[in-house]
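Notes follow the structure.
The values are calculated or read from the model by the stated rules, or taken from the named source; none is laboratory data. Note that this is a predicted model, so its numbers are computed, not measured. Every residue, glycine among them, receives a Cβ derived from its backbone with ideal geometry; neighbour counts consider all protein chains shown. To get the accessible areas, we keep the full protein, side chains included, count just its heavy atoms, and leave off ligands, DNA and RNA. Shrake-Rupley method; radii C 1.70, N 1.55, O 1.52, S 1.80 Å.
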Amino acid sequence: MSLSGKSAIVTGSASGIGREIALTLAADGASITVADRNLEGAEAVARQIIESGGAARAAQVDVTNSGQVDAAVEGAAEAYGSLDILVNVAGFGFNSPIVDMREEDWDLVLGVNLKGQFLCARAAARRMIQQGNGGRIVNIASTAANNARYAGGAYCAAKAGVVQLTKVLALELGEYDITVNAVGPGFTETPATVESSDEYRSNFLAQVPARRSGRTSDIANAVLFLASPASEYVNGQTIYVDGGYSAGKLTVRG
Ligand code: NAI
């Protein structure tokens, strides 16, 4: 297993994509800190990992709170002797046309989806630099980073910010053997998307060459690669895992 002996913190891992990433990295040998605002959910995921023979612990953290973030990162390092991998997953979608958008909603969407990744990356990078042993940071972006969508102002801006933050971090941390990459999921079946309207779902899927929505395992497998030694020379990149959605306009044919 390529991640044996590695300690990973995965934010937003009480549910959906983050949960699958935590389970996948654990199955590959990493010791996992399941970090989420939802402690009960995080504890359930940690239990599941332990019952499967892995190592895991839960930590309650709101990624917009720098004190909680710093404590969670230190806690992960102390529990397992080091911190080697951060996966920034905590986030949520939000729809409102700009003319109707409340200032507090804009701040919240940018706070969780973008500032949260900055705070977690800062805390993890400080620890990794101090350890002197390299590291891996993987940020979850979205196809919304590149593909503007109606009523997606705050979310699209936040995810576009994640892509640029990823590149800047790659430039700043490369000399410490820390790589920073992102994975941009397309429409993926999770508790967050289960209630998407049939109209939204079918409009979205009409643009997906693979003709199906994403599975959380599709995303977790890409994260596993970027967290593993196999991706050593990949840095500053965003891999879109979207069944081909972002390759072009499927419904415009010659
Ligand atoms: P989810 O709602 O199933 O899971 C999100 C997790 O993040 C939850 O456990 C929640 O408690 C946690 N969380 C939310 N705010 C937090 C905060 N402030 N501090 C700590 N934890 C917090 O959502 P899903 O679908 O698994 O999404 C995960 C990530 O993937 C998000 O960043 C989302 O933007 C991104 N994504 C999801 C897509 C999808 O179709 N499901 C598509 C593209 C990106």
request  = Show me 46-54, 65-73 ranked by packing, highest mean number of other Cβ atoms within 10 Å first.
outcome  = 65-73, 46-54
ask   = For segment 1-70, what relative contact order do you get, as a whole percent, if you take Cα pairs closer than 8 Å and at least 6 residues apart?
value = 29
message = Quick check on the chain: helices-only [θ] at 222 nm, where DSSP H runs of length 4 and up contribute -39,500 (n - 2.57) each and the sum goes over total residues. Nearest 500, please.
response = -13000 deg cm²/dmol
task = Measure nothing but the geometry: give the 0 to 90° angle between the long axis through the Cα atoms of 39-51 and the longest principal axis through the Cα atoms of the chain, rounded to 10°.
result = 60
request  = Could you name the lysines whose alpha carbon sits less than 27 Å from that of Lys159, not counting residues in the same chain fewer than 8 places away?
outcome  = Lys115, Lys167, Lys249
ask   = Rounded to a whole number, what % of the accessible area of the chain do carbon and sulfur atoms account for, probe 1.4 Å?
value = 50
query = Along segment 118-130, what does the Karplus equation 6.51 cos²θ - 1.76 cosθ + 1.60 (θ = phi - 60°) give for ³J(HN,Hα), rounded to whole Hz, x for Gly and Pro?
reply = 4, 4, 5, 5, 4, 5, 5, 5, 4, 5, 5, 4, 4
inquiry  = Given a 1.4 Å probe and heavy atoms of the protein chains only, how would you sort Ile17, Ile32, largest accessible area at the top?
reply    = Ile17, Ile32
task = Determine the distance separating the Cα centre of segment 80-139 from the Cα centre of segment 175-254; give it in Å without decimals.
result = 18
request  = Please work out the average accessible area per residue across the chain, using the 1.4 Å probe convention, and give it in Å².
outcome  = 47
